[in-house]
1. Given R₀ = 35 Å, what would the calculated FRET efficiency be for A194 paired with K275, taking r from the Cβ atoms and rounding to 0.05?
2. Would you mind counting up the charge near E449? Only other residues with Cβ under 13 Å from its Cβ, with Lys and Arg at +1 and Asp and Glu at -1.
3. Please order M473, M110, M493, M160 by the number of other Cβ within 10 Å, starting at the fewest.
4. Ranking K108, K375 by Cβ neighbours within 10 Å, fewest first, what do you get?
5. Got a sec? How would T303, T411 order by Cβ neighbour count within 10 Å, fewest to most?
6. In the range 187-247, which trypsin sites (Lys or Arg not before Pro) are in a loop and have at most 14 other Cβ atoms within 10 Å, using DSSP for the loop call?
7. Can you work out ³J(HN,Hα) from phi for every residue in the range 98-109, in order, using Karplus 6.51 cos²θ - 1.76 cosθ + 1.60 and θ = phi - 60°, giving whole Hz and x for Gly and Pro?
8. What distance in nm lies between label points placed 7 Å from Cα along the C-beta direction at I450 and S370?
Amino acid sequence: MGNCCTTPGFSEEKKKKKNRPNPFSIDYGGNHGSGVTDKLVVLKDPTGHDISERYELGRELGRGEFGITYLCTELETGEKYACKSISKKKLRTSVDIEDVRREVEIMKQMPKHPNIVSLKDTYEDDTAINIVMELCEGGELFDRIVARGHYTERAAAAVMKTIVEVVQMCHQHGVIHRDLKPENFLFANKKETAPIKAIDFGLSVFFKHGERFNEIVGSPYYMAPEVLKRNYGPEVDVWSAGVILYILLCGVPPFWAETEQGVAQAIIRSVVDFKRDPWPKVSDNAKDLIKKMLDPDPIRRLTAQRVLEHPWLQNAKTAPNVSLGETVKSRLKQFSMMNKLKKKALRIVAEHLSVEEVAGIKEAFEMMDSGKKGKIHLGELRVGLQKLGHQIPDDDLQILMEAADVDGDGTLCYGEFVAVSVHLRKMANDEHLHRAFSFFDRNKSGYIEIEELRDALSDDGDANTEEVISAIMHDVDADKDGRISYEEFAAMMKAGTDWRKASRQYSRERFNSLSLKLMRDGSVHFANEGR
């Protein structure tokens, strides 16, 4: 997503102030009846007024609740940056305005650091605030976790050391980040050795020693239990980093459930599971560090400095490697068991991805295709993955091959390789799904009818095509009208998505109200069972 935009969490305070007059508005006209509107001033000391005098905004890199991030080129030097453009129309409350102002002030006060995205310039005109920042083109840590399933211990230790150094730097300069999660770390470039950088200070806050906070902000999976109790300090950042470390090593969060209430209760219980794969193969030192970072008592929890002093991070370069875990296996098996309509649709989605989206996948395929035949056999896949740093056991490699080899010829063509890569990385967005749906809906009726389904799947050469079509219709046609609507098609494509999708889309407002309910019901306990 590039340098993604801020997606601040909702809080009770924001809801209460939703309709209050804007205290930061300056009335230049004085006469509201004459049609003169208030002019909103947000930034204390912007670089300038008109960003177009120095920069040219290009393609969109990301989008958030308040604004859009664009590729940005400095006219004089040709240097590329990221520009987060925040529309003033979206800043409806004093809290919204203060969040943006504080984000800029924090970025200004943070010292230059190789793992914190640097602020270049700020501009404010009558309609928008433009924040020009260092450009990171290597994608999110989140997406690399999804693509890999999890990191080896050695690679996870290197990533975690960087994240905790960022936390330590924030705390030393009186800042609590409050929204540490893999989505908020970008790689500087697409190389495997690229440094990661913290990019989003939209929910960060200045603090003084001993000061406590009560706003429920952040992302639910990464929230410390004391955030739900509305009484917290800088220790919450270490908890969030501990959650990230757990995900790095196994591919799923430690506190996960199908419902908001389940997530909140899991956080409050704070019971960390080290029984399921791959945890038996993970070193005791790694598990010891996670336990100490996820201690529900913030007083006992390690500080950032103590985390950096822990033996597991001190010996990061000699940390063991862990083979491909059950998480990735299960996702590959899920892909293998998809119905033919979903697999074909995923192929269509893959074919319509942008150049940027498939650049890394195409490069990997061409590197593996040593004979330049347009196909990869099992041996080439094994060697290619080894060159990319993935030591995958033969059993796991066979699962990958069988799942991706849709036409069953024993090799992977480019389309099959991209399709399984898309599945392992993330689910397609709605624009991609509309394109895939249109491919099947050949008469443009707004439905995939039985004949269209038969025509689309008949070229697969399956002797049991009619049986397959009947099974697809039975599973996908929810209202049983004998045809598949776009809504039914999209539901099929998105079915089986896991916490990764929810991590991006969780409703913080619902989570906040849920936490209040848990507290009212007396079910907020800071348990230490099972630790």
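Please treat every number below as a calculation from the coordinates, not as lab data. Since the structure is predicted, the reported quantities are computational estimates derived from the model, not experimental observations. Cβ coordinates were reconstructed from backbone atoms using ideal geometry, including for glycine residues, and neighbour counts include every protein chain displayed.
1. Details: r = 34 Å, r/R0 = 0.97.
With a Förster radius of 35 Å, E is 0.55.
2. Working: positive: R442, K444, R454, R483; negative: D441, E451, E452, D455, D477, D481, E488.
That works out to -3.
3. On the way: M473 17, M110 20, M493 23, M160 27.
Least crowded to most crowded, the residues run M473, M110, M493, M160.
4. Numbers: K108 11, K375 18.
Neighbour counts put them in this order, fewest first: K108, K375.
5. Details: T303 15, T411 20.
Lowest count first: T303, T411.
6. Values: sites: K190, K191, K197, K208, R212, K229, R230; in loops: K190, K191, K208, R212, K229, R230.
Those satisfying the criteria are K190, K191, K208, R212.
7. Each residue of the range 98-109 in turn: 5, 4, 5, 4, 5, 4, 5, 5, 5, 4, 5, 7 Hz.
8. Using points 7 Å along Cα→Cβ, the separation is 5.1 nm.
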